[in-house]
Amino acid sequence: MPCLLCGSAAAARKRVSRRNSLKKILWLAAASTAVFVLCSAVRGKIISYFFPYRAYPFWGRFLQIRLVFNRGTAFGFWQQREELVITLAVLCSLALGIWLVRKSREMQVWELLSFSFIFGGALANLWERVFLGYVVDYLDLGFWPVFNLADSFITLGCVFLIAGHFFSKKQ
């Protein structure tokens, strides 16, 4: 169907494509923001109601709440290199954000959701690291290092990406 203003079908398709890209970027931003806000709200409640380093049963013996402050990276590595950790986290978050904006037009809904989980969780941990000086971890399985909701969203996003690529019809 030709464009009403310029008479070109290609121009009309380009405008629709641009509009769809903007919708995907807005959807990605909204979902990432929702993850960030949820992680921040839960962190605030955990800090308000629980004492550090003390175990509180949450779901039987399987899951406990144990408030700890992680100044390092995953599993507590690099605890004495806070500036380097923050710099790397900022650079990785910026790179991921720019890449997501550029690639979002090509992504399917499950990919957008997966990356929203990863990006929102990464931003929640980055915010804590920059403004608190540490990441607040509180979910303790007993057999694994203590982690937080943002880490869970990052992990779920990665699992969704891997599973989606196995089950996706897109080649």
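The values are calculated or read from the model by the stated rules, or taken from the named source; none is laboratory data. This is a predicted model, so every value here is computed, not measured. We place every Cβ from the backbone using ideal geometry, glycine too, and count neighbours over all the protein chains shown. For accessibility, only protein heavy atoms count, side chains too; no ligands or nucleic acids. Shrake-Rupley method; radii C 1.70, N 1.55, O 1.52, S 1.80 Å.
A 1.4 Å probe, protein heavy atoms only, puts the accessible area of Val130 near 70 Å².
Converting phi to 3J(HN,Hα) with the Karplus coefficients 6.51, -1.76 and 1.60 and the offset θ = phi - 60°, the range 92-97 yields 5, 5, 5, 4, 5, x Hz in sequence order, with x at every glycine or proline.
The largest accessible area among Phe115, Phe36, Phe160 belongs to the first residue in Phe160, Phe36, Phe115, and the rest follow in falling order (1.4 Å probe, all chains). Estimated at the nearest 10 Å², the accessible area of Glu106 is 110 Å² with a 1.4 Å probe. Between amide H atoms placed 1.01 Å from N, distances below 5 Å from Leu67 occur with Tyr53, Arg54, all of them 5 or more places distant or on a separate chain.
You can think of it this way: the chain between Lys45 and Met107 has 18.8 nm of extra reach, that is 0.36 nm per residue less the Cα-Cα gap.
Simple spin-label estimate for Leu84 and Arg71 gives 1.5 nm between the two label positions (7 Å along the Cα-to-Cβ direction from each Cα). Taking a straight Cα-Cα cut-off under 14 Å and skipping sequence neighbours fewer than 8 places away in the same chain, the aspartates and glutamates within cross-link reach of Lys103 are Glu111. Partners of Lys45 within straight-line reach, counting aspartates and glutamates whose Cα lies under 15 Å from its Cα and excluding those fewer than 8 residues away in the same chain: Glu128, Asp137.
Modelled spin-label separation between Cys92 and Thr33, with each label point placed 7 Å from Cα along the Cα-to-Cβ direction: 2.5 nm. With θ taken as phi - 60° and the Karplus curve 6.51 cos²θ - 1.76 cosθ + 1.60 applied, the whole-hertz 3J(HN,Hα) list for the range 131-143 is 8, 10, x, 7, 9, 7, 10, 8, 9, 10, 8, x, 9 Hz, x standing for glycine and proline.
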